[in-house]
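Reading through the structure tokens given below for one structure.
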Amino acid sequence: MSQKHHVLSVLVENKAGVLARVSALFSRRGFNIYSLVAAPTDDPRLSRLTIVVDVESAPLEQITKQLFKLINVVKISELSPDQAIERELALMTVQADGTSRSQVMELVAIFEGKIVDVGSDQVTIMMAGEPAKLDGFEQLMRSYGIVDLQRSGRVALPRLEVGRPRLRSVTGQVAN
Amino acid sequence: MKLTGAQALIRSLETCGTEVVFGLPGGAILPVYDPIIDSSLRHILVRHEQGAGHAAEGYAHATGRPGVAMVTSGPGATNIVTALCDAYMDSVPMVCITGQVPLAAIGTDAFQEADTTGITTSVTKHNWLVTSAQDIPRIVAEAFHVATTGRPGPVLVDIPKDISNAEMEWYWPEESDFDLPGYRPNLRPHPRMIAQAAKLIVEAERPVIYAGGGILKARASEALMEFATRSKIPVVTTLMARGAFPDEHPLCLGMPGMHGNYTAVTAIQKCDLLIALGSRFDDRVTGKVSAFAPNAKVIHVDVDPAELGKVRVAEVPIVADCRLAIEELTRAVADQAIKADREDFWATTPRHNWAEQIARWQHLYPMVYEPSEPGLPAKPQAVIETLRAMTPDDTILVAGVGQHQMWASQYWKFRHPYTWVNSGGLGTMGFAVPAALGAKVGRPDRMVWAIDGDGCFQMTAQEIVTATMEQIPIKIAILNNAYLGMVRQWQEMFYEERYSEVYLSPDLPDYVKWTEAMGGVGLRVESGDDIENTIDKANSINDRPVVVDFRIDAKEKVFPMVPAGQSNDDIVVGPAIEAHFEAVSKKGNR
Ligand SMILES: Cc1ncc(C[n+]2csc(CCOP(=O)(O)OP(=O)(O)O)c2C)c(N)n1
Ligand SMILES: [Mg+2]
């Protein structure tokens, strides 16, 4: 994935059908979702969607403005890659028989992953980290044989050093 | 006080100010129809749910109040989807109540079950599935609030049958009780943006106001008049804004766009400042976007932030209610002019030249057409001009979709806001008859005429039965060219006159007999010579619907025209205007 992606952290009402509205909006307006994670927040009335969008598919501003028109969308923070802590989780089952098992385990250790299940000639690895790190690990594992791969999609929060997230205004005025 | 959900729903509608409901009952909505008998609501029983939707739209267009429609689950709900989409495209406030199968049956493919909220998600501003009778007053109040505030639009409330039957304790919510944490339309313009806009306005040499439907939605016609006349800026009114600024005002340039007049189209192309007020740079207005108003800076006012920058990036984007923004602009322009010591900014030489240029275009390229030969079918433009001359100033004109709609918009002289009801964004054939009915219900004091096409009329004519039964005396002029004329025009011009599936028939159906079978008065005009007498007769009928079958010249085309996708500079004015141009330029040379 190129650097042209952007992460939208979207606070939505925790109500039935909200996810369907969001995804319907993306398809109707011809926007592309790269990944989407939905999860509850500390406030039971709200959920957070972390949506990675391919900004080449449409101007980001149109996406956020159209999203904000959904009645159930409460707040949108736009996190550009350099302003966000992004993490992703991967579960990966890899071929690891007698000859390759130790190499695989070594690489898992180097990448600070964890072996969470062991079969006679396969292991399942859990790895959390920056998406690029998972990409790299996935690349390495390919030569051993990936049997199954499940990535979680990204979750993100703003970086603390740069202060509060720059909230791109959806009202056309400057918000700070 | 204990009420059933159904009673609470009816009482909620009453509390929200509803006087009229357009609808048609069925199984899932049955409980709601019972308390209607004891309510203050006037229910108008349509003959097809699409008619209920368009009637509600017509009511809203004419009154500014939200139209209310009520239909049953499944096919009732799917039948009204077209009208919801139409209202969504044209930002028409509308509240649609649909019955739904009982909660426990949802998802089981029960009889007449449809995923109504799912189906209508992309054609409503918002929708609700009610899951507890206790929520009904709050949700109905929220529905009216969402439909009528910010950028207006249709909303839908889906009510399962068991919820209608369940008991609840009556209450009425305050706005603070609303559960709408994500809904906060911004109405007040940002002062800095207003100041920037005012500066551009004072400095502009060739400004044009591009007024859209938002002017009417924001009830900003008076504010626009004040603004335009004070700063002496010419105004174009889009298809959705016809009537927002009176056509006969010296600053009014009429309609821009694909079938706009030469002056309106060209003034936009040549302007150096385009002041877009409640308009959305629709492709039917802009033509090829990259060639649209190429030298203009843009001030764009819209209450919907997503419209700003969607098509054209504005130098000064202003998110605000149109009326508030225009009032602020009027003030700010005066301040700015004083500050810059240019109180007569509108009287400078460039502005004077601009006004002259516009007058020259108007002189050279007015809206003219060739009159019909005696005894031959009427020209559609003549029918509209005659009708205008023979009806009160504040007559409400409704249109279907096609050539007749464009002629109606081009040749009717609009003198008041809220006198034009049409389907702009979706272009829904069949809109006119039910919308006229709804408009007349909302404004019984007004004369309501619909200009309809023979093709359009056949899509929703059954609502004339509704009009007869309910004694709603609407008048319908069918411009009968025996063709799906607009499509025919494109086939003639762009498909080498290869006519494919566009011929209808002048006589089948017999519109006079059909109307009479529906309880209305049917009249026919065979030639251009009988227009006046027949309109006279139609105007005198006040107790039932009238349909006039005007036989018109099938070969007549809508001009001017900017072919789809081309630059507005490539406007084709057509033979009649061209001939006029030749004649006056010759005279000028002598
Ligand atoms: C529901 C629907 N179907 C098809 C169209 C495409 N269409 C646009 S105008 C038109 C012809 C309308 O014919 P008529 O009502 O006779 O009007 P005319 O153009 O002849 O004045 C058609 C088929 C449409 N706009 N709406
Ligand atoms: Mg026709």
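Please report how far the C-alpha centroid of the stretch B:434-451 lies from that of the stretch B:1-79, rounded to the nearest whole angstrom. Computed from Cα coordinates, the inter-centre distance equals 19 Å. Only one residue of B:V421, B:V333, B:W449 has its Cα farthest out toward the positive end of the dipole of the protein assembly as shown, where Lys and Arg carry +1 and Asp and Glu -1 on Cβ, and that residue is B:V333.
Take each residue in B:311-318, count the other chain C-beta atoms within 10 Å of its C-beta, and the mean is 1. In the stretch A:40-72, comparing the full protein assembly with the chain on its own, the residues that lose 40 Å² or more of accessible surface at a 1.4 Å probe are A:Q62, A:K65, A:K69, A:I71. Kirkwood-type hydrodynamic radius, the protein assembly as shown: 28.8 Å, calculated from all non-identical alpha-carbon pairs. Every Cα-Cα pair of the stretch B:421-564 was included, and the share exceeding 28 Å stands at 20 percent.
Placing +1 on the Cβ of every Lys and Arg and -1 on the Cβ of every Asp and Glu, with nothing else charged, gives the stretch B:191-364 a dipole about its Cα centre of roughly 320 debye. Cross-link partners for A:K114 among the lysines, with Cα-Cα distance under 22 Å and sequence neighbours closer than 8 places in the same chain left out: A:K133. Helix A:60-69 axis versus longest C-alpha principal axis of chain A: approximately 70°, rounded to the nearest ten. Placing R0 at 35 angstrom, the Cβ-Cβ distance between B:K513 and B:A110 gives a FRET efficiency of 0.25 after rounding to 0.05. Rg of the Cα atoms in the stretch B:191-364, relative to 2.2 N^0.38 Å, amounts to 0.92.
Of B:K310/B:K555; A:K4/A:K75; A:K75/B:K297; A:K15/A:K69; A:K69/B:K2, which pairs sit farther than 28 Å apart, going by alpha carbon to alpha carbon? Violating the 28 Å limit, Cα to Cα: B:K310/B:K555; A:K75/B:K297; A:K69/B:K2.
Other residues with beta-carbon under 14 Å from the beta-carbon of B:P380 carry, at +1 per Lys or Arg and -1 per Asp or Glu, a net charge of -1.
The C-alpha atoms of chain A define a longest principal axis, and helix A:18-28 lies at about 80 degrees to it.
The distance from the alpha carbon centre of the stretch B:410-432 to that of the stretch B:249-285 is 17 Å, rounded to a whole number. Relative to its Kirkwood radius, the Cα radius of gyration of the stretch A:5-79 gives an Rg/Rh of 0.93. Computed across chain B, the Kirkwood hydrodynamic radius from all distinct Cα-Cα pairs reaches 25.0 Å.
For the stretch A:86-155, evaluate the Debye formula with one uniform point scatterer on each Cα (no solvent term) and list log10 I(q)/I(0) at q = 0.14 Å⁻¹, rounded to two decimals. Relative scattering, expressed as log10 I(q)/I(0), comes to -0.35. Taking a ≥ b ≥ c as the square roots of the eigenvalues of the alpha-carbon gyration tensor, the stretch B:2-177 is classed rounded because a/c is under 1.5. Cross-link partners among lysines for B:K413, C-alpha distance below 19 Å, same-chain residues fewer than 8 apart left out? Filter leaves B:K379, B:K475.
Rounded to the nearest 20, the size of the Cβ-charge dipole of chain B about its Cα centre is 1480 debye, with Lys and Arg at +1 and Asp and Glu at -1. Provide the percentage of antiparallel DSSP beta bridges, counting only those with both residues in chain B; round to the nearest 5. Within chain B, antiparallel bridges account for around 5 percent of the total. Considering only B:V32, B:I571, B:A218, and ranking their Cα positions along the charge dipole of chain B that arises from unit charges at the beta-carbon of Lys, Arg, Asp and Glu, the one farthest toward the positive end is B:I571.
Taking Cα atoms only, the orientation of helix A:131-142 departs from the longest principal axis of chain A by about 30 degrees.
Placing +1 on the Cβ of every Lys and Arg and -1 on the Cβ of every Asp and Glu, with no other charges, gives the stretch B:412-487 a dipole of roughly 340 debye about its Cα centre.
The values are calculated or read from the model by the stated rules, or taken from the named source; none is laboratory data. Not measured: the values here are computed from a predicted model. Because the Cβ atoms are built from the backbone with ideal geometry, glycine has one as well, and the counts that use them run over all protein chains shown. Heavy atoms of the whole protein, side chains included, go into the accessibility calculation; ligands, DNA and RNA do not. Shrake-Rupley method; radii C 1.70, N 1.55, O 1.52, S 1.80 Å.
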